[in-house]
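The values are calculated or read from the model by the stated rules, or taken from the named source; none is laboratory data. All values reported here derive from a predicted model rather than from experimental measurement. All Cβ positions, even for glycine, are placed from backbone atoms using ideal geometry, and neighbour counts span all protein chains on display. The accessibility values were calculated without ligands, DNA or RNA, using every heavy atom of the protein model including side chains. Shrake-Rupley method; radii C 1.70, N 1.55, O 1.52, S 1.80 Å.
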Amino acid sequence: MKYKHKNKGTCSTEVSFEIENGKVHNVVFTGGCNGNLKAIGLLSEGQDATTLISLLKGNTCGWKDTSCADQFAIGLENALKEEEKK
């Protein structure tokens, strides 16, 4: 299923991704540091969503108390909660 998460407190404004059988696919960030965010998408491809959450959640960027990776983890958490409701 395809999901979108509106990022808060980061240069990127949104991250979209798919989760299929607990695995993450097609991660695309809108805005932000293009090269770094493409790399996050490539490294995330086919990875377990819960593993990615544990790796990425809480990462910060400079003086900010969040990061694009942290926002991605929050989006993944929200998506998994949504899937549990179904």
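Taking segment 1-24 as the region of interest, how many residues are part of a loop (DSSP other than H, G, I, E, B), within 14 Å of LEU80 (Cα to Cα) and of a type in the set (Val, Ile, Thr)?
Initial filter on segment 1-24 (part of a loop (DSSP other than H, G, I, E, B)): 1, 7-11, 21-22.
When the remaining residues are screened for being within 14 Å of LEU80 (Cα to Cα), the result is 1, 21-22.
Next cut, of a type in the set (Val, Ile, Thr) only: none.
Total meeting the criteria: 0.
Applying the set (1) out of contact with any Cys (no Cβ under 6 Å at 6 or more places or on another chain); (2) open to solvent by less than 50 Å² (accessible area, probe 1.4 Å); (3) at positive phi to GLY41 leaves exactly one unmet item: (3). Taken over segment 1-29, the criterion of being among the polar types (S, T, N, Q) and either over 25 Å from CYS61 (Cα atoms) or in contact with a strand residue (DSSP E or B) (Cβ under 8 Å, 6 or more places away or on another chain) (or both) is satisfied by ASN7, SER12, THR13, SER16, ASN21, ASN26. For VAL27, the conditions (1) within 21 Å of LYS86 (Cβ to Cβ); (2) touching a residue at least 40 places away in the same chain (Cβ under 8 Å) are fulfilled apart from (1).
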